[in-house]
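Enquirer: My questions all concern the structure below.
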Amino acid sequence: MNRIVFLGTPDFSVPALKAIVLQGYEVTLVVTQKDKKKGRGNIISKSPVKAAAEAFGIDVYQPVDVNSKESLDLIRSHKPDFIVVIAYGQILSEEFLLIPQIECLNIHASLLPKYRGAAPINWAIIKGETQTGIAIMKVEKGLDSGPIYKMESICLDDKITAGELHDILMHIGARLIIEALEEIKEKEITPLKQDSSQVSYAPKLNKSMSLINWNQTCRAINNLIRGLDPWPGSVILYDSKKIKIFDTSYVLINHGKKPGTIIGVDEEGIRIACRDGYLMVREIQLSGKRRMTVKQFLLGNIIKTGYQLGDD
């Protein structure tokens, strides 16, 4: 039985942890980020990985700095054969990477070397990629630059959201890390160096990306909305109010309207002029409210045809 120290924090990491435990590996320690205050009541909330580890009865460690001497000494004391990292949230030092007897592995949600960095799922959609996937790589000092043990791709359509893709890829990652661990143990696999000429990056998302510039193509706007769903969401300014919009499609047509003009509203949705057609919006969310269909919203609210978005 191989000993593993597991590093992860959000929902995306949980299927991999569960798969490793259920495969019979001895996970002696789970390292995750500190508990955080959430919601209007500032309720202390543990990370999804911490909750999963506690359910399995695994010891949990939540350091401020995983590269501190105290952290390194503790993790060394577990004598791990492997360290598995997935969406942990801190950069690992060279000293840390020398700890495992066999390998330090990372599960990354892109077809490396494309979309290294914090938000590969979102940026693959925002950039209009037709495929993405999961890579299992050796962790080294650079940002997601280590050689790749395994990679699996999936095709993307123009409807999938970042939230939906997140849920698909986290289960592929769980399956692929088991395959990688088994093949590395049996010396059946050799990592391949990444092609540095094909590198691209996926920086963190922020709320400043949310406000839509309507003077873009329908496709670019639709990709952005899908890539920012569920967070931070895409925003329109209507009557000085911020409204998030979701569940969109588009029609390419010469409409003669200024981009950002609301050109139609009915139970099916809101039609908004773009540079080369119009966007159909089917779901919206007011600040502090739940998501709802446009049909539900129109039962007690009005959206005016002819309104110019962005002129508030």
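Enquirer: How high is the relative contact order of segment 190-241, given as a whole-number percent (alpha carbon pairs under 8 Å, six or more residues apart)?
Expert: On the way: 24 pairs, mean separation 19.4, N = 52.
It rounds to 37 percent for segment 190-241.
Enquirer: Over segment 199-312, what is the mean sequence separation of C-alpha contacts under 8 Å (at least six apart), divided by residue count, expressed as relative contact order in percent?
Expert: 25 percent
Enquirer: Can you compute 3J(HN,Hα) from phi for each residue in segment 87-101, using the Karplus curve 6.51 cos²θ - 1.76 cosθ + 1.60 with θ = phi - 60°, rounded to whole Hz and x for Gly and Pro?
Expert: Once rounded to whole Hz, the list reads 6, 6, x, 9, 6, 9, 6, 4, 5, 4, 5, 8, 5, x, 5.
Enquirer: Can you order the peptides 270-276, 245-251 by their average number of other Cβ atoms within 10 Å per residue, highest first?
Expert: Values: 270-276: 22.3, 245-251: 19.6.
Going from most to least packed, we get 270-276, 245-251.
Enquirer: Ranked highest first by the average count of other Cβ atoms within 10 Å around their residues, in what order do 44-52, 154-162 fall?
Expert: Numbers: 44-52: 18.7, 154-162: 14.8.
Peptide ranking by packing, descending: 44-52, 154-162.
Enquirer: If you plug each phi of segment 132-137 into the Karplus form 6.51 cos²θ - 1.76 cosθ + 1.60 with θ = phi - 60°, what whole-Hz ³J(HN,Hα) values come out, in order, with x for Gly and Pro?
Expert: 8, x, 10, 10, 10, 10
Enquirer: About the Cα centre, and with charges only on the beta carbon of Lys, Arg (+1) and Asp, Glu (-1), how big is the dipole of segment 3-198? Nearest 20 debye, please.
Expert: On the way: 23 positive and 26 negative charges, 119 e Å.
Roughly 580 debye for segment 3-198.
Enquirer: How large is the helix-only mean residue ellipticity at 222 nm for the chain, computed as the sum of -39500 (n - 2.57) over DSSP H runs with n ≥ 4, divided by its residue count, in deg cm²/dmol to the nearest 500?
Expert: Working: 8 runs with 76 residues, N = 312.
Taking each H run of at least 4 residues, the total per residue is -7000 deg cm²/dmol.
Enquirer: Please sort 193-204, 281-292 by packing, taking for each peptide the average over its residues of neighbouring beta carbons within 10 angstrom, highest first. Before the final figure, lay out the partial values.
Expert: On the way: 193-204: 12.7, 281-292: 14.9.
Going from most to least packed, we get 281-292, 193-204.
Enquirer: For segment 154-232, give the magnitude of the charge dipole about the Cα centre (Cβ charges: +1 Lys/Arg, -1 Asp/Glu; no others), in debye to the nearest 20. Provide the component values of the computation, followed by the final result.
Expert: Numbers: 9 positive and 11 negative charges, 88 e Å.
Value, rounded to 20: 420 debye.
Enquirer: Sticking with this one: Amide H neighbours of Thr132 under 5 Å, counting only residues 5+ apart in sequence or on other chains, H built in-plane at 1.01 Å?
Expert: Amide H neighbours of Thr132: Ile154, Leu156.
Enquirer: A further question on this structure: Among bridges DSSP assigns within the chain, what percent are antiparallel (round to 5)?
Expert: Restricted to the chain, the bridges split so that about 70 percent are antiparallel.
Enquirer: A follow-up question, please. Run the numbers on segment 3-198 and let me know its relative contact order in percent, using alpha-carbon pairs under 8 Å that are six or more apart. Display every interim value, and only then the final one.
Expert: Values: 365 pairs, mean separation 39.9, N = 196.
Averaging sequence separation for qualifying contacts and normalising by length gives 20 percent for segment 3-198.
Enquirer: First check a/c for segment 3-198, with a ≥ b ≥ c the square roots of the eigenvalues of its C-alpha gyration tensor; if it is under 1.5, answer rounded, and if not, answer prolate when a/b is larger than b/c or oblate otherwise. Can you show the working numbers first?
Expert: Details: a/c = 1.58, a/b = 1.15, b/c = 1.38.
Oblate is the answer for segment 3-198, as a/c is 1.5 or above yet b/c matches or exceeds a/b.
Each value in this text was obtained by applying a stated rule to the coordinates, not by laboratory testing. None of these values were measured; they are calculated from a predicted model. Here Cβ is always computed from backbone atoms with ideal geometry, including for glycine, and neighbour counts include all displayed protein chains.
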